[in-house]
Structure formats: C-alpha cells, structure tokens
1. Projected onto the charge dipole of the chain (+1 at Lys/Arg Cβ, -1 at Asp/Glu Cβ, origin at the Cα centre), which of GLN247, LEU99, ASN53 gives the Cα projection farthest towards the positive end?
2. Long-range amide H contacts for THR31: which residues qualify at under 5 Å (H placed 1.01 Å from N, peptide plane, sequence gap of 5 or more or a different chain)?
3. Using a Förster distance of 35 Å, how high is the FRET efficiency between THR132 and THR70, based on the Cβ-Cβ distance and rounded to 0.05?
4. Calculate how steeply helix 270-282 sits against the longest principal axis of the alpha-carbon atoms of the chain, using the helix alpha-carbon long axis, and give the answer as 0 to 90 degrees to the nearest 10.
5. Pop out the ³J(HN,Hα) list for segment 203-210 in order, Karplus 6.51 cos²θ - 1.76 cosθ + 1.60 with θ = phi - 60°, rounded to Hz; leave Gly and Pro as x.
6. Going by amide H atoms built from the backbone, whose H comes under 5 Å of the H on ILE225, apart from near neighbours?
7. Counting only DSSP beta bridges with both residues in the chain, tell me the antiparallel percent, nearest 5.
8. Per residue of segment 409-416, in order, report the coupling 6.51 cos²θ - 1.76 cosθ + 1.60 (Karplus, θ = phi - 60°) as ³J(HN,Hα) in whole Hz, putting x for Gly and Pro.
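What follows is calculated from the coordinates using simple rules that are stated; it is not laboratory data. Just so it is clear, the model here is predicted, and its values are computed rather than measured. In this analysis, Cβ positions are derived from the backbone assuming ideal geometry, glycine residues included, and neighbour counts consider all displayed protein chains.
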Amino acid sequence: MYRASSVFLGTFLLLQLLHCGMGLDNGLALTPPMGWMSWERFRCLTDCELYPNECISEQLFRRHADLLVTEGYADAGYEYIIIDDCWLEKDRDNKSQKLVADKQRFPNGLNPLADHIHNIGLKFGLYQDYGTNTCAGFPGVIKHMQLDAQTFADWDVDYVKLDGCYANISDMAVGYPEFGRLLNATGRPMVYSCSWPAYQEDAGEMPDYTSLKQHCNLWRNWDDIDDSLESVAQIMDYFGKNQDRIQPHAGPGHWNDPDMLLLGNYGLSYDQSKLQMAIWSIMAAPLIMSNDLAAVRPEIKDILQNRKVIAVDQDVLGIQGRRVLSKNQIEVWSRPITPVVSNNQHSYAVAFASRRSDGAPYRIVFTLKELGLHNAAGYDVEDLYDDTSKLGIFRPANQFITRVNPNGVNFYKFTAL
Ligand code: GLA
C-alpha cells in the first residue's frame, strides 16, 4: 500500500514537472481577456508636438487607464491597458543590451506607468515581436529572449503580445513556445498573446492548434482589423469558413483572437457597432477596445458596457460559437452557454447578423429546431440589446420571427428551461 502510493506520488510529480516544463500552464485568461490597446486607433503616431493627445506616450496610456476606470469600463470587466508597437528606442542599451522605452515619450521608463496602472486596479500589457524587428521597425526579441522576458517581469508586465514581423516563419512553432517558457521562468504570471498562426496562415501553412493552446493564452489567427465594416466582415468570413478547424481549440486559458473592437471610432455605424460586439461575443473573442475613450459617444459606450453581451463573451464554459446557417444574406451565429439543464441541454446566445444593405429591416422566420435548439421544455428568450424586452417561452417546433436592420444584428439569449 505504502509502496503503491509513493510510486503513484512519484509518477504524479514527474508528470506535473513534465507538464510545467512543456506547457504554458500559467492559470491565466480563464475567460477571454478584456481591455484596451493602442494600435488600431493610434497606430505609430510618434510626433507628440503635432499630436499631443494621440502620440504613443506615457500620457496616452495614463489617460486611457484613468478613463477605463472613470468612464465605467473597468466595472464592466475591461482590465488590461496594453501598449502596442512604437514604444521603443531604435536601439537597445549599449552596455546591458536591454530594451529601452523611447526616452522622449516615456521619459520615466515604464515602471511608473505600470505602477499607476496597478494602483488604480488595472493590469499592464506590452507589445514585442519574435523577429529581429517589430512590424514598425523597432528592435525585436529574437537574439535576447531571456533578457527581454526578465525585463518584462522587472517592468511588472501582466500581458505580452508577441508579434511575428521580420521573423522566420518556420522557426515560430519552436520559438514562440520557448519565449513562453522564458516568461514563465521569471515567476511573474503574464498572459501570452501569440501571433504565430496569423503569419503561418498568411503563408498558406496550417498552424498546429494543439501546440498553440498548450503554449499561448490567445493567438491572432488572421489579418489586422481596420476601421470599417468590410474589415469586420472579412474577419467574420474567415472565422465562419474555417470554424471546423479553429473553433474547437478555444477554451478557458486559450482563445482565438479575431483582433480589436472598433467601437467608438470613425468607421462603424450604431448598428454595425452592435454587430461587431455581438459576433465577437459569440466567438468568445478577447474584448480589447482600440479607440479614444474620451470621444466615445454615449450610445456606443452603452454597447461596449452592455453587461448581458459581455456575460455571453465571458461565459464560464468557454465554448466558442459558430456560424450555423446563412440564408438570404442573414447569418445566424450561435454559442452554447450556461445555464445547462438536465439532459445536457445548453442555453444559447444567438445572433442574427444582416449582411444586407437594402434599406428596410429584413424579416426572417426560423423554427428553433432549424437553429439547432432542441430542448423539449423550451427556452425563455430575451433580447440582449433591449433590457425591457421579454419575448416569452419558445419550444423547438415554434417559429421565431424577427426583423434585422441592414448591416445590423439582433442578439438573443435562449435560456434553456
Ligand atoms: C502587426 C499586428 C498589429 C499591430 C502592428 C504593430 O500588424 O498584427 O496588431 O501590433 O503589427 O506594428
């Protein structure tokens, strides 16, 4: 008995050790990360004389950290303030070879900014690149991986986005996990966002998702988002077409990342903003805004802070949704969520997304069965964008009828009974 249990304990410890040595296993991002990141809206604006409120600088990130709290986003779950590209000096420190933040735009280095972010209850994210240079041409990590991982830990970083410009694509499947191991070895828990599949897919290679989810907390699968509905639609199409290959790999601790939320910027209408937020929530996407938080109109802020939609995104089961059907340019996207009732019947979030541009709201009729909702006891249905609406109880044979605005979305929760 004694021998059996000690052999068992030894084997268990050995397996644990191997597991820690092999995987990321940092216990982070059990639901998709939420926060704010500079790239989509502020790009590589570095001229602080011309654009004092927009340039990539300590001031930009302090301002947005503060706004995240004062404008109520932090209460809604947004947590990470992430510096994207263009924060670095063009050269490493001559002696130590350490990365150096731009001395004009981050005159105090990154520690005081990290302290401020932490003091107001938020977390701090930072961009780097696996290659020789970042996409905007600043020094990358490739020859200094250990030093840089330790520097991130010394700067109290909580989230690392590692891009893949100026890198050898064939090295990535080994190099990205290696950098994740080095982050882990610092002892500081850091969410690890990988861009390696986006570069492989662009080059026509199929990423190894089994390895990805073992080594990264989230990963960019596809192209960068831009400020337009076309860009949102292209990403939706990529995820819709490739869902059999991609969707099964999402789950607590490891997520597909369709890129940032555009809401609050120039390119999306009110209806289109609701559309992106709904589809991103169905996709269990990281909800990382990139906008000027001081300029977000109240009705768009309401969408970004809609607790019921956020709850879909953050559902504890972590099952990514899918595009389940498409008819007359109305796409139905559906995601199994809690509560789960007897016979293992899930509740569902269902988005009816219009790809139509003809002016009138378009009437659609589906039975619940056609939507894949088979719970015999039925579902209690509510409109996630309308607090006052209770649509009542629907059973699998019942018809569900709704009208969807052009380029808009209707978004419902079907709670299983
Ligand atoms: C790549 C990434 C973007 C952004 C830029 C920065 O294009 O995909 O998200 O980080 O680089 O240069």
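1. GLN247
2. Counting only residues 5 or more places away or on other chains, the set is GLY253.
3. It comes out at approximately 0.30.
4. 80
5. Values per residue, Gly and Pro as x: 8, x, 9, 8, x, 8, 5, 5 Hz.
6. Amide H to amide H, under 5 Å and 5 or more residues apart or across chains, ILE225 pairs with MET260.
7. Values: 38 of 63 bridges.
Just about 60 percent of them are antiparallel.
8. Result, rounded to whole Hz: 8, 10, 10, 10, 10, 9, 8, 5.
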